[in-house]
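Inspection log for the structure reproduced underneath, given as structure tokens.
The values are calculated or read from the model by the stated rules, or taken from the named source; none is laboratory data. Quick caveat, the model's predicted, so the values are computed rather than measured. Here the Cβ positions follow ideal geometry from the backbone for every residue, glycine too, while neighbour counts run over all protein chains shown. SASA here: full protein model, heavy atoms, side chains in, ligands and nucleic acids out. Shrake-Rupley method; radii C 1.70, N 1.55, O 1.52, S 1.80 Å.
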Amino acid sequence: QAVAMIGEQCFASLDAAFAAAKADDEVKINKAGTYKVPTGKNITITGAVDGVVFDNIGAHNMAGASVTFNNVTFDYYPNVDYTGLQHSGHLVYNNCTFNGQVFLYGNTETFNQCTFNQNSAGAYNVWTYGAKEVAFNNCTFNSAGKSVLIYKEKDPNFNANVSVEGSTFNASAAVAGKAAIEIDTSLT
């Protein structure tokens, strides 16, 4: 079975599929496993089976790419700062799962029916951080008491538009002085 496909073309590895992908292609991943996110291509990445995981521990430079992700999981450390898809263009996530704490850096980042899992009381599910426009649509946030931090440090001219629609927040514990959604302007 092919690991990945672009249209009807089969590839024995995901790296080969990413290398062959052209702008606006859809790369379908047909084999469960842990992979690395490609850099610098405006493509769609679809997990055609459950169990497609991107191991994004650390910061990953997207080189300005705009990518749509469908039905994939992103694994991040539970409590490490500044990890995420840095230098990204426009990112869309449909039916994706995020484990750990992710920082956002895209020009726009849209999350549709995504699930965020975080069990560390010392961390959020997501920091909107460097993203200029963020939309959470019908998402589920599972946390130990705090989920979304809207925050940017040391940039007095930074403005972010963040919307949360039809989403559910499940907290396993309370965290003193914190909320499901926190807006921190202390360093801007």
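Kindly state which strands (runs of 3 or more DSSP E) lie completely within the stretch 92-188 and contain at least 1 residues that are under 24 Å from V53 (Cβ atoms), at pLDDT 95 or above and open to solvent by less than 30 Å² (accessible area, probe 1.4 Å). Outline the logic, then answer.
Numbers: elements: 97-99, 108-112, 115-117, 133-137, 140-143, 148-151, 161-165, 168-171, 181-184.
Those strands (runs of 3 or more DSSP E) span 97-99, 108-112, 115-117, 133-137, 140-143, 148-151.
Take V67 and tell me if it is farther than 29 Å from T185 by Cα, among the aliphatic types (A, V, I, L, M) and out of contact with any Cys (no Cβ under 9 Å at 6 or more places or on another chain).
yes
Please work out if T110 is hydroxyl-bearing (S, T, Y), within 23 Å of Q86 (Cα to Cα) and under 14 Å from the mean Cα position of the chain (by Cα).
Numbers: hydroxyl-bearing (S, T, Y): yes; within 23 Å of Q86 (Cα to Cα): yes; under 14 Å from the mean Cα position of the chain (by Cα): yes.
Against the criterion (hydroxyl-bearing (S, T, Y), within 23 Å of Q86 (Cα to Cα) and under 14 Å from the mean Cα position of the chain (by Cα)), T110 qualifies.
Every residue in the stretch 49-69 that is open to solvent by 10 Å² or more (accessible area, probe 1.4 Å), among the aliphatic types (A, V, I, L, M), in contact with a strand residue (DSSP E or B) (Cβ under 6 Å, 6 or more places away or on another chain) and within 13 Å of Y35 (Cβ to Cβ), please.
V53
Kindly list the number of the only condition in (1) more than 19 Å from the chain's Cα centre (by Cα); (2) closer than 17 Å to A63 by Cα; (3) not in a loop (DSSP other than H, G, I, E, B) that fails for C10.
(2)
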